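One structure below.
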Amino acid sequence: MIFASSKDLFWIKALADAHRRELGFINRATLATAINTNEILYSPDRGFLHFHHRRDNISTLYHFCVTPAYRRQGIGRQLIEAWEEHSRKSGVTLLRLKCPVDLSANGFYSRLGFSRVDIEPGKHRHLVVWEKKLRPATANQLLRPQFVASFSAGGSELKRLFQLWESGGDSRQPFAHVLYSPIACPASTTEYLRFQKDAGHIKTVWLDCGAYQVQQGKRTYDELLLFLDKFYRNNQWADGYVLPDIVPLTTDNEEIVEYKIRETLYHCERFFNQMPLSVQERAIAPVQGRTINQVNRCLETYRRLGIRRIGFGSWGTSGPNGSVNMLSQESLALFKTVCDIAREHEMLVHCFGIGGPNSYNRLRRQNLIPDTLDSTTWWKAGGFGSIFFPNKAQIQITVRRSFETTKAGLEKLKRETYHSCYFCESIEQLRTNRNHRIMHNLVAWLDTLERDL
Ligand SMILES: [Zn+2]
């Protein structure tokens, strides 16, 4: 992305003329002036973006166009992000633009984190007014956790989903960071993820310890320890290794919880000490407990071992075999303590399996922002026929039951949450295609992370 120069004027004018319906008429002198004042960002042969920084620190988008042949390839997003970046560096605090109500571009702005603030009459049709608040660059980074996609699936299924995501035309990369449990997945999962990492399509792969397999009675803890010992040693290409913990259940009484924490700490330390250095350096240690004393003991042990990243996942469980994670008030309070102590020790904080966008919103309402978080809910909910939008209850779209499961109801939800994506364009697809539900849920997750509350 570069600033247009005078030699680009001819091409930009031609592109603008070809899109008079969307852009209105733009005269050559206006464009020439904007080029001279560095107010046109340009992607050669692909598109341009014309903006103006006002004196009140608001930057207004005047004209924006991507060549039809290059649409759905992330060019538009790159142009808007370049405008945002340039604006932020110039001290701009608010981006503003207007878009005719009937254009599909409205969904695009929503996906980029703009909020719809008004609808006003235009010359020919109504215009939606979109705004995005900008924070200084550093504060912005601190406030956004990194999403880690976590799933349990075979290699060929992953391949299908990765490809489906590509076909949706969203240039974000939800699979750049992944977490999976080798004990719960076939060998093809490891092969596929390793291949994708080698090819540079995935940045980090974390290996989960699969403690829930023990929790659900599918394995004994000793079997798990044996498996992980071998697997971690043989797979030193990964970027994160979750240490094997023993997960307390909501139904466990205090004595059992205490026993499980003691066992966890004992075995984690022993396991850690047996591991080669490259695994130790990338260990992710699970913090367990119901009391401040218990989580503090975990953190002290991990600090002593020199572990740099801890994970918290005691959100309280319910549902069959503890399969549904819920955020209780107590677990939020405990998580706050964990964050405070971990920051003191300069440890990175990960949230294990926090559920859907609503769970994350509950965290950040209390200013609890982890460095990273993972969720499997987007996948699981999609598999069960459900979809979600930020700050709305999950809807089981496969069963026609309420207004929300009708086309009109769904469109209303999309409007209310400023959501649009390729995967929920057709309600029929959502009803019949599991993978479309999964991908839509993933978009809803990414949107939530990018937007302000
Ligand atoms: Zn969608």
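Gly210: at negative phi and either of a type in the set (D, E, K, R) or open to solvent by less than 30 Å² (accessible area, probe 1.4 Å) (or both), yes or no?
Working: at negative phi: no; either of a type in the set (D, E, K, R) or open to solvent by less than 30 Å² (accessible area, probe 1.4 Å) (or both): yes.
When the stated conditions are applied, Gly210 does not pass them.
Filter the range 433-442 for residues that are under 21 Å from the mean Cα position of the chain (by Cα) and open to solvent by 20 Å² or more (accessible area, probe 1.4 Å); which is farthest from the ligand (Cβ to nearest atom)? Even if it seems obvious, please write down each step before you answer.
The initial filter retains those residues of the range 433-442 that are under 21 Å from the mean Cα position of the chain (by Cα), namely 434-442.
Filter again for open to solvent by 20 Å² or more (accessible area, probe 1.4 Å), leaving 434-435.
On the way: Arg434: 14, Asn435: 13 Å.
This residue is Arg434.
Please determine whether any residue of the range 216-227 is in contact (Cβ under 8 Å) with a residue 24 or more places away in the chain and in contact with a Leu (Cβ under 9 Å, 6 or more places away or on another chain).
Within the range 216-227 (the criterion being in contact (Cβ under 8 Å) with a residue 24 or more places away in the chain and in contact with a Leu (Cβ under 9 Å, 6 or more places away or on another chain)), the answer is no, since none of the residues qualifies.
Would you say Gln216 is in the same structural domain as Leu305 (by TED's automatic domain parsing), polar (S, T, N, Q) and modelled with pLDDT under 95?
On the way: in the same structural domain as Leu305 (by TED's automatic domain parsing): yes; polar (S, T, N, Q): yes; modelled with pLDDT under 95: yes.
So Gln216 fits the description; yes.
Can you give me the number of residues within the range 420-432 that are open to solvent by less than 70 Å² (accessible area, probe 1.4 Å), within 22 Å of the chain's Cα centre (by Cα) and over 17 Å from Leu446 (Cα atoms)?
1
Would you check if there is a residue in the range 443-452 being in contact with a Gly (Cβ under 9 Å, 6 or more places away or on another chain), open to solvent by 10 Å² or more (accessible area, probe 1.4 Å), over 25 Å from Leu103 (Cα atoms) and more than 13 Å from the ligand (Cβ to nearest atom)? Before you say what the answer is, go through the steps one by one.
We begin by selecting, within the range 443-452, every residue in contact with a Gly (Cβ under 9 Å, 6 or more places away or on another chain); these are 443-445, 447-448, 450-452.
With the extra rule that they be open to solvent by 10 Å² or more (accessible area, probe 1.4 Å), the set shrinks to 450-452.
Now drop any that are not over 25 Å from Leu103 (Cα atoms), which leaves none.
Scanning the range 443-452 turns up no residue that is in contact with a Gly (Cβ under 9 Å, 6 or more places away or on another chain), open to solvent by 10 Å² or more (accessible area, probe 1.4 Å), over 25 Å from Leu103 (Cα atoms) and more than 13 Å from the ligand (Cβ to nearest atom).
Among Arg72, Arg88, Arg54, Arg77, which is the only one that is in contact (Cβ under 8 Å) with a residue 60 or more places away in the chain, under 23 Å from Lys133 (Cβ atoms), assigned by TED's automatic domain parsing to the domain that holds Leu134 and not β-branched (Val, Ile, Thr)?
On the way: Arg72 fails: under 23 Å from Lys133 (Cβ atoms); Arg88 fails: in contact (Cβ under 8 Å) with a residue 60 or more places away in the chain; Arg54 fails: in contact (Cβ under 8 Å) with a residue 60 or more places away in the chain.
Every option except Arg77 fails the conditions.
On the given criteria, is Leu9 part of a helix (DSSP H, G or I), free of Cβ contacts under 8 Å to residues at least 40 places away in the same chain and surrounded by 14 or more Cβ atoms within 10 Å (Cβ to Cβ)? Please lay out each step first, then the result.
Working: part of a helix (DSSP H, G or I): yes; free of Cβ contacts under 8 Å to residues at least 40 places away in the same chain: yes; surrounded by 14 or more Cβ atoms within 10 Å (Cβ to Cβ): yes.
Criteria met by Leu9.
Picking from Lys407, Lys380, which residue would you name as being under 20 Å from the mean Cα position of the chain (by Cα), charged (D, E, K, R) and either away from the ligand (no atom under 15 Å from the Cβ) or open to solvent by 60 Å² or more (accessible area, probe 1.4 Å) (or both)? Show your work before the answer.
Working: Lys407 fails: under 20 Å from the mean Cα position of the chain (by Cα).
Checking each option against the conditions leaves just Lys380.
What do you reckon, is Gly322 assigned by TED's automatic domain parsing to the domain that holds Phe151, crowded, with 22+ Cβ neighbours inside 10 Å and at pLDDT below 95?
Values: assigned by TED's automatic domain parsing to the domain that holds Phe151: yes; crowded, with 22+ Cβ neighbours inside 10 Å: no; at pLDDT below 95: yes.
So Gly322 does not fit the description; no.
Could you run through the range 145-198 and say how many residues are outside any loop (DSSP other than H, G, I, E, B), open to solvent by 30 Å² or more (accessible area, probe 1.4 Å) and hydrophobic (A, V, I, L, M, F, W, C)?
Summing the residues that are outside any loop (DSSP other than H, G, I, E, B), open to solvent by 30 Å² or more (accessible area, probe 1.4 Å) and hydrophobic (A, V, I, L, M, F, W, C) in the range 145-198 gives 3.
The values are calculated or read from the model by the stated rules, or taken from the named source; none is laboratory data. Please read these numbers as outputs of a predicted model, since none were measured by experiment. Using ideal geometry, Cβ is built from the backbone for each residue, glycine included, and neighbour counts are taken over all protein chains shown. The accessibility values were calculated without ligands, DNA or RNA, using every heavy atom of the protein model including side chains. Shrake-Rupley method; radii C 1.70, N 1.55, O 1.52, S 1.80 Å.
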